[in-house]
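What follows is a short report on a single structure.
Values in this text are rule-based calculations from the coordinates and carry no lab data. If you're wondering where the values come from, they're calculated on a predicted model, not measured in any experiment. A quick note on method: Cβ atoms are made from the backbone with ideal geometry, for glycine too, and the neighbour counts reach across all protein chains shown.
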Amino acid sequence: MSTTPEDPATDDPAEGSPVTAPADDDAADSAPDLPEDVAALSYEAARDQLVEVVRRLESGQGGLEESIALWERGEMLARRCQQWLDGARQKLDEAVQARR
């Protein structure tokens, strides 16, 4: 199901791409229900890949199987982004509580 991206330098979000792991080594451990490649993504990398998935889905150029694979990948990427945001909120709440 490999397609040629419009920009050959752009990674294919449906295939996953090697990305530098987040600075927090426990970040991948906090996402046990996600594939290893998604769990290792930083917030910014997951968000960027999600934006690309949405762009490709909205273009309507892919077939049904590709669209389903992209949708599933997008769901995982969105979940990873939410995990990062939830973690950031928790750290912020802890910092506020520590100042009281």
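Would you pick out the residues in region 79-100 that are surrounded by 10 or more Cβ atoms within 10 Å (Cβ to Cβ) and either among the β-branched types (V, I, T) or not in a helix (DSSP H, G or I) (or both)?
Hits for region 79-100: nothing passes.
Of everything in region 68-78, what is surrounded by 15 or more Cβ atoms within 10 Å (Cβ to Cβ) and more than 19 Å from A40 (Cα to Cα)? Give them in sequence order.
Correct list: A69 only.
For region 40-59, check the following and say yes or no: at least one residue is touching a residue at least 40 places away in the same chain (Cβ under 8 Å) and loosely packed, with under 15 Cβ neighbours inside 10 Å.
No, that holds for no residue.
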